[in-house]
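The values are calculated or read from the model by the stated rules, or taken from the named source; none is laboratory data. Keep in mind it's a predicted model, so treat the numbers as computed, not measured. Backbone-built Cβ (ideal geometry, glycine too); neighbour counts: all protein chains shown.
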Amino acid sequence: MRFCIDKYKNIKLILLMSFYLVLSVSSCSIRPSDKVVVKPSIVIINIDDMGWKDVAFMGSEYYETPNIDALSKQGMVFTNGYAASANCAPSRACLMTGMWTPRHGIYTVNSSERGQVKDRKLIPTKNTKILAPKFTVISEVLKNNGYTTCHAGKWHLSNNPLEDGFDVNIGGSRAGLPKSYYPPYKSVNIAKGESEYLTDLIMEKAIEFVDTITSPFFLNYSPYAVHTPIMPVESLLPKYENKAPSNGQKNYKYATMIENLDRNIGLLIKTLKDKNIFDNTLIVFTSDNGGLYGITKQKPLRAGKGSYYEGGIRVPFFFVYNNKIKPNTKSDVPITNLDIFPTILNYASIENSELELDGDDISSVLEVKSQILERPLFWHFPIYLEAYDSKDNENRDSLFRTRPGSVIRKGDWKMHYYFEDDAIELYDLSRDIGEQNNLGEAEPEKVQELLKDLQKWWEDTNAPIPTKLNPKYEY
């Protein structure tokens with residue numbers, strides 16, 4: 001009997017020791033890096049032609065954007081946010097590839113020989129109209145890493161976004177604008193729904209996509225609004241027809257398009273919250289370029305879309321991610337839409353060592369681990385882009401929004417360099433955000449410093465520099 005009891009005790013002791021051994025081994029093997037991480041869903045809101053001050057949270061007192069304003073307060077707003085190009089197609093190519101314009105070759109829409117031939121001193125660089133399949137875009141990377149992907153709205157980079165890593169396409173094609181915001185849309189192929197106004201219909205379909213997804217998703221929401229044609233939302237017209245202008249903003253038809261867009265963004269955010277996925281969704285809000293001068297103005301910024309003065313490239317820009325980014329924060333760090341790609345990959349925990357990205361992961365800025373991002377920013381436009389109105393513009397000359405040249409911003413300094421005559425404009429944006437006081441002659445050392453940086457960048461990116469004279473140019 002004693003033998004049996006001792007045997008039982010020994011067995012019990014062995015079992016107890018085994019239990020603690022297993023527990024110990026298990027505890028040692030569970031590291032923070034082994035915990036299951038639920039990847040965030042990702043939403044890029046890339047508005048078409050929305051200017052830096054076309055939203056109330058950036059200072060507009062004419063346009064009403066309560067939903068966008070509320071969303072901006074839930075994350076970090078960048079006061080020095082830029083598009084990597086001053087017009088639609090090249091900016092979108094930069095965002096989707098994470099590459100500077102010389103790498104993908106898209107500089108404008110259609111031909112680079114814009115404006116009167118007699119006014120062009122140089123033969124501009126030939127423009128690339130379609131993003132080559134060899135370039136990896138963010139939708140492809142996300143899809144290959146378990147994301148369900150949807151494009152909604154304007155694509156403008158190829159014939160069909162389904163060929164570029166998207167599982168769902170809502171109205172995207174090579175079209176840069178709708179022929180009409182009311183049916184028939186003509187240039188936009190989209191299935192019928194409950195809504196008629198195009199901005200409403202695109203969001204209706206986008207919400208249907210979000211409602212059907214249970215796994216992490218990527219939504220590239222890129223409405224055609226607020227690009228021309230300026231076609232008002234009739235029900236909102238009485239609200240703005242007699243509203244007092246403010247700081248150069250007075251187009252009441254355009255104002256209805258902005259408010260309607262804001263309403264739709266509010267519906268999207270409500271859907272994310274109703275599905276309890278808002279807190280684990282990274283949201284990026286930006287615009288593809290500055291506002292269209294003549295329709296809207298961005299005072300004190302100079303000029304507008306198509307120009308490389310601040311009004312053409314500085315845009316509203318913020319990030320929201322409740323798990324990482326503190327609400328009600330602002331940053332003066334200059335960023336561009338090139339930074340979106342690497343930042344998304346970081347938050348999605350996707351390795352990007354094989355990708356050649358020109359932007360930076362700005363998560364350290366977003367999480368207030370760093371308040372500095374020391375690097376120059378560049379823009380390159382070896383092309384011509386004619387002015388909309390020779391009698392009403394703030395460009396370098398009345399004929400063109402853009403003449404061939406490059407721009408560099410380094411710290412608070414911004415330098416324009418023009419290929420036709422090697423002309424230079426230098427501005428201290430900390431004192432002259434409107435780019436009115438050219439310091440090129442007063443600051444020769446700064447000019448040389450920035451020119452050296454620019455020349456190195458030309459070399460690194462193999463940037464084409466037009467030098468051939470146009471025989472039809474009239475001096």
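Computed values, structure above
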item	result
Of all residues making up the stretch 203-229, the number that are closer than 16 Å to Tyr181 by Cα and not basic (Lys, Arg)	10
Residue in the stretch 186-221 that is surrounded by the most Cβ atoms within 10 Å (Cβ to Cβ), counting only those that are among the hydroxyl-bearing types (Ser, Thr, Tyr) and under 22 Å from the mean Cα position of the chain (by Cα)	Tyr221
Which listed residue is surrounded by fewer than 24 Cβ atoms within 10 Å (Cβ to Cβ), modelled with pLDDT of 95 or more and in a loop (DSSP other than H, G, I, E, B), from Lys326, Lys330	Lys326
Matching option when the condition is over 30 Å from Ile383 (Cα atoms), without any contact (Cβ under 8 Å) to a residue 60 or more places away in the chain and among the aliphatic types (A, V, I, L, M), among Val77, Val137, Val141, Val168	Val168
Failed condition for Ser370, given (1) touching a helix residue (DSSP H, G or I) at 6+ places or on another chain (Cβ under 8 Å); (2) of a type outside the set (Val, Ile, Thr); (3) in contact (Cβ under 8 Å) with a residue 12 or more places away in the chain	(3)
Index of the failed condition, Leu366 passing every other in (1) of a type in the set (A, V, I, L, M); (2) closer than 19 Å to Tyr82 by Cβ; (3) modelled with pLDDT under 95	(3)
Check on Lys391, without any contact (Cβ under 8 Å) to a residue 60 or more places away in the chain and in a loop (DSSP other than H, G, I, E, B)	yes
